[in-house]
């Protein structure tokens, strides 16, 4: 009998959900139903802007064009601007560069200057056709960099908020 009572009590408690244990809730007014409002709010997405690359800092090389033509070593002039010539055809007052030999060429001068400046002479030779290819390649690099800059500026304009766009326009390279 006791088992039947315990079983009956357990079934009643389980099915009633324990609502009879708190009799004060039965006399409370039911809570009013709150209306749920759904709104769509635009939230700007912060896209990290990569910094623009620093400007290219190219160093200017020295280019030498050397030929084997003879260097003109003119005669010295007198106060009146005349160039006196001796009977044998040599300069009466001497030459502007007396230390230069008679068949002194631009190549000779270049070799002396480079050896004096650098201590050794090394040649890097290039044919005119190869020089044209180098100039073409450099132009291609320039074109590519300019096109990439346009793409970067486009994406910066598209993804930046309008307020910060005015600030960054002053730092955009051209």
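Every read-out reported here was derived from the displayed coordinates using simple, explicitly stated rules and does not represent laboratory data. Since the model is a prediction, treat every value here as computed from it, not as a measurement. Using ideal geometry, Cβ is built from the backbone for each residue, glycine included, and neighbour counts are taken over all protein chains shown.
Brief remarks follow.
- The chain: relative contact order as a whole-number percent, Cα under 8 Å and 6+ apart: 15
- Size descriptor, Kirkwood hydrodynamic radius, that averages inverse alpha-carbon separations across segment 62-125, Å: 13.9
- Our helix-only sum for the chain, with -39,500 (n - 2.57) per DSSP H run of n ≥ 4 divided by its residues, gives a mean residue ellipticity at 222 nm of -13000 deg cm²/dmol.
- Counting all C-alpha pairs of the chain, share separated by more than 30 Å (%): 69
- Distance in nm between pseudo-label sites at residue 45 and residue 120 (7 Å out along the Cβ direction from Cα): 5.9
- Taking segment 106-132 and a reference point 7 angstrom along Cα→Cβ of residue 66, the backbone N atoms nearer than 15 Å belong to 106-126.
- Inter-label distance, residue 57 to residue 90: 5.6 nm, where each label sits 7 Å from its Cα along the C-beta direction.
- Residues 15, 40, sorted so that the one with the fewest Cβ neighbours within 10 Å comes first: 40, 15
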